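These notes concern the structure reproduced below.
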Amino acid sequence: MAKAEKRVIVVGGGLSGLMATIKIVEDGGVVDLFSYCPVKRSHSLCAQGGINACMDTKGEKDSVYEHFDDTVYGGDFLADQLAVKGMVEAAPKIIKMFDRMGVPFTRTPEGTLDLRNFGGQKNKRTVFAGSTTGQQLLYALDEQVRKWEVKGKVKKYEFWEFLRAIKNKDGIVRGIVAQNMNSNEIVSFPADVVILATGGPGQVYGRCTASTICNGSAVSAVYQQGAEIGNPEFLQIHPTAIPGSDKNRLMSEACRGEGGRVWVWRKNPETGEKERWYFLEDMYPAYGNLVPRDVASRAIYKVVVHMGLGMQNPNRVYLDLSHIPADYLERKLGGILEMYTDFVGKDPREVPMEIFPSIHYSMGGIWVDRMHHTNIPGLMASGECDYQYHGANRLGANSLLSAVYSGMVSGPEALRYARAGETGEPLTKEEMEAARKECVAEFDKIRQMNGTENAKRLHHELGDIMYKYVSVERDNNGLDQCLKELKDLLKRWDNIGVTDHGSWANQEAMFTRQLRNMIVYAMAITKAARLRDESRGAHAKIVLDANGERVTDEKGDLVFMNRDDEKFMRTTIVSFDKEKEEPVVTYREFEHSLIKPRLRNYAVAKKE
Amino acid sequence: MSDNQKVRFIIERQDSPDSKPYTEEFDVDYRPGLNVVAALMEIQQNPVTVDGKKVAPVVWECNCLEKVCGACMMVINGKARQACCALIDELKQPIRLAPARTFPVVRDLMVDRSVMFESLKKIQGWVEIDGSFDSVDAPRQNPYTAQVAYEISHCMTCGCCLEACPNVGPQSDFIGPAPTVQAYLFNLHPIGKYDAPKRLEALMQKGGITSCGNSQNCVEVCPKSIKLTTYLAQLNRDVNKQALRNIFNV
């Protein structure tokens, strides 16, 4: 007998969602694919520099083990090591798959795949397609999914927003409610299993390198329905972004991988002469400009904010490529140099770029097991929206890899799970209708909001609050204050007034709904940061004295808490207390038996 | 231009696909580096026209704001382009924004470009692989050919070239430059070229390459500087060769 076709709902059409979709339909399932936008416009395409895989085409004797160790060490020993091992082992095969699909990877004269350096890795391990690797990988999967769409195995719901999951009477997720963003119609959809692949929450910080659609709203929605969040306090701050009022545009780590140097003007401490200070090379002789992102961001912050060097108001340092031959830059970095010229109006081949750190990526997200099941049966999560693979800090060019790999795991597993018959009863018509009606009532209420606050301005304030208290450096006073201010913001949300009361493409009302989810998620980030009393990866906490003042050492430098493996080599788990509308934090053990934790120090060469 | 000056926007609005267009004017505070999307965001924070009327915020589509996703294409001072990289300093004021009317308007500046994605189905815009399994090696590729593929693969389906093309519209079935040129991309790939005859035959059909009038408008507006006319010409030759092959059955 032929296998009954199982129906999987995939929410999100970035790399992870598309990869899961392809795996499901190849194995005989059908997919309803939901996305805010035509999937070809998903945020994966903003990834520039490349994708890590041990291809060893440069004769450097690179090994999969080295990639494994770099990732675990780079993540400051907070990533599940078995999960990471699976990912790095699959990486070279993933590249071959993309090569067959037609990704125009940059090649060597011999026609084989070129590799480049990336931060936190000593060997050349980053495969790339110019400086638009994410775009090219996304397009390849988009094209393959289009093929399956023609065959009738994938039905796309583009310009649809996920609102919530629907559970059956046994608490198993068997469908979703979604809204058509043009007609504003709200509909319930049944499924055998649901995979969320909705990307990161960058918009919680307002100005960041993420697309406007990366608001974390779907993650927050299921968090409020009982899904646990893992490690939300670990947000990557990318050291080199071009700050802007509408967004901070990413300037790829590939710039440093191809020889870019970061510097500021200073007076030479001995001679007193004005000179360029290449501070990363000075502070971290072993890795220099190629230290991992958390390390580079902290160094820039220290130099600009605490030492008063670099450009001030707005704060900037130089990222310099002008010493590299223009034709080499064109071939390796063409696309992004053009971007700098487009948006800043200056040519980075001739003048140093002006950059500053920006919120970029969330290591944390929905807690999943190694097969990408969340704690709610029937609900899976995949890609940046999950917490897996990166621990306390992600290495550059590991995000495209984890996005694709997680889809390769979640897709087949969704189908296996659906076929194993543990999915319980399908939703009844009444259950679907009840969930739909709740969402309709919520939307109608928002459309009629008549207060004095503007949602976009509140969003701006949310970003300001989060950047002020929960970014490169954190302290417990600030985090307590942040929680207070977020609670206040949540109250003020009730007093929003919308000017658009209609129900056709009402972007204002949809955004207002997303904003509430963003504030709720911001509280989860902040509470988790408040309770983690250590410094690890992207989470750096300043020591306060008994009076609550920041402690400094004899040189006047801030003193940070140390990593505390005994207490905090654990996954942060945040669940939502519905009554109090507050996050509740606990800790969970994870698998770290393969590589023993050791001190992470990029001033010296890594020892294994 | 000094920092306390205002920038005037004249925006062509439309409440729904069937309703009548109208214009509204807004002022936005100037600041260095301001672009059209950032200005539209300012209007969202304070949706009041120059006449002091409080109105619904302007609706448009955007995602990445880095000129890679293709979402924010609109007609700015008469020219189809991405709004995110349209710097105010480089635009004549007042700045006129309008939807790209080659496509059906959804609301205000947002249009329905699904026809472009449908066209990618017609030209078989993918490499036919046996599966996404990982046990098969990939063929080696000529680095020069790969560079050409990289250039064409930047196409973000934004629709600027369709908006600019005089042959795309109700008078013709032409699928437009962008989807047509994608056929050339897949015909370049060592595996993709196996299906080249299928793609070329699709381009012989109504709406295919014979509808291209070679007006050269597309190459002028492509935000990714893809040499569209070069590849259209190459495809035209390939299609003709295929037609001959079909006649002589070789």
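Read-outs: derived from the displayed coordinates by stated rules, not from any lab. Remember, predicted model here, so these are calculated numbers, not experimental data. Counting neighbours? That spans all protein chains shown, and the Cβs are built from the backbone with ideal geometry, glycine included.
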³J(HN,Hα) computed for each position of segment A:350-366 - Karplus, 6.51 cos²θ - 1.76 cosθ + 1.60, integer Hz, glycine/proline x | 10, 10, x, 7, 9, 9, 7, x, 8, 4, 9, 8, 10, 5, x, x, 4
Can you give the helix-only mean residue ellipticity at 222 nm for the protein assembly as shown, where every DSSP H stretch with n ≥ 4 adds -39500 (n - 2.57) and the sum goes over all residues, rounded to the nearest 500 deg cm²/dmol?
-> -10500 deg cm²/dmol
Descending semi-axes in whole angstrom, ellipsoid equivalent of segment A:108-248, from the Cα gyration tensor | 33, 23, 16
Relative to the Cα centre, what is the charge dipole magnitude of segment A:201-291, using +1 at the beta carbon of each Lys and Arg, -1 at the beta carbon of each Asp and Glu, and rounding to the nearest 20 debye?
-> 320
Per principal axis, largest first, the Cα atoms of the protein assembly as shown extend in Å by 87, 72, 63
Summarise the long-distance tail of P(r) for segment B:186-245 by giving the % of C-alpha pairs beyond 15 Å.
-> 54
Segment A:244-263 versus segment A:332-407: alpha-carbon centroid distance in Å | 14
Hey, what's the Kirkwood Rh for segment B:114-248 if you take every pair of different alpha carbons, in angstrom?
-> 15.4
Between helix B:143-152 and chain B: long-axis angle, C-alpha atoms, 0 to 90°, nearest 10 = 40
What helices does chain A hold that run 20 Å or longer along their axis, going by alpha-carbon atoms, with a Kyte-Doolittle average of -1.0 or more, using DSSP H for the helix calls?
-> A:81-101, A:133-150, A:326-344, A:399-419, A:455-469, A:476-493, A:507-531
If amide H atoms are modeled at 1.01 Å from N in the peptide plane, then the residues at a separation of 5 or more from A:Glu582, or on another chain, having amide H under 5 Å from its own are A:Asp577
Which far-off residues, 5 or more places away or on another chain, put their amide H under 5 Å from the one on A:Arg563, with H placed in the peptide plane?
-> A:Ser535
Residue order, fewest to most surrounding Cβ atoms within 10 angstrom, among B:Arg13, A:Arg532 | B:Arg13, A:Arg532
What span do the alpha-carbon atoms of segment A:416-519 cover on each of the three principal axes, reported in whole Å from largest to smallest?
-> 49, 39, 20
Using Cβ-Cβ distances only, list the Cys residues of chain B with no partner cysteine under 4.7 Å, sorted by number.
-> B:Cys84, B:Cys85, B:Cys155, B:Cys158, B:Cys160, B:Cys165, B:Cys212, B:Cys222
Mind checking the angle between helix B:36-45 and chain B's longest principal axis? C-alpha axes, 0 to 90 degrees, to the nearest 10.
-> 50
Provide the per-residue ³J(HN,Hα) series for segment A:105-121, in order, calculated from phi with Karplus coefficients 6.51, -1.76, 1.60 and θ = phi - 60°, each as a whole number of Hz, with x at glycine and proline positions.
-> 4, 5, 10, 7, x, 7, x, 9, 6, 7, 10, 9, 6, 9, x, x, 9
Relative contact order computed over chain A (Cα-Cα under 8 Å; 6+ residues apart), in percent | 20
What order do you get for A:Leu483, A:Leu337, A:Leu319 when you list them from fewest to most C-beta neighbours inside 10 Å?
-> A:Leu483, A:Leu337, A:Leu319
Taking only the alpha-carbon atoms of chain B, what semi-axes of the equivalent ellipsoid follow from 5 times the gyration tensor eigenvalues under a square root, in whole Å, largest first?
-> 40, 20, 16
Antiparallel bridge percentage (DSSP; both residues within chain A; nearest 5) | 70
Based on the alpha-carbon gyration tensor of segment B:6-111 and its eigenvalue square roots a ≥ b ≥ c, which shape applies: rounded if a/c is under 1.5, prolate if not and a/b is larger than b/c, or oblate?
-> oblate
Cα Rg, Dmax (largest Cα-Cα span) when computed across segment A:1-141, Å = 16.8, 53
With a 10 Å radius around each residue's Cβ, average the other Cβ atoms per peptide and rank B:205-217, A:96-108, highest first.
-> A:96-108, B:205-217
Net charge of Cβ neighbours under 15 Å - reference B:Lys20; Lys, Arg +1; Asp, Glu -1 = -2
Charge sum, other residues only, whose C-beta stays under 13 Å from B:Glu128's C-beta, Lys/Arg counted +1 and Asp/Glu -1 = +4
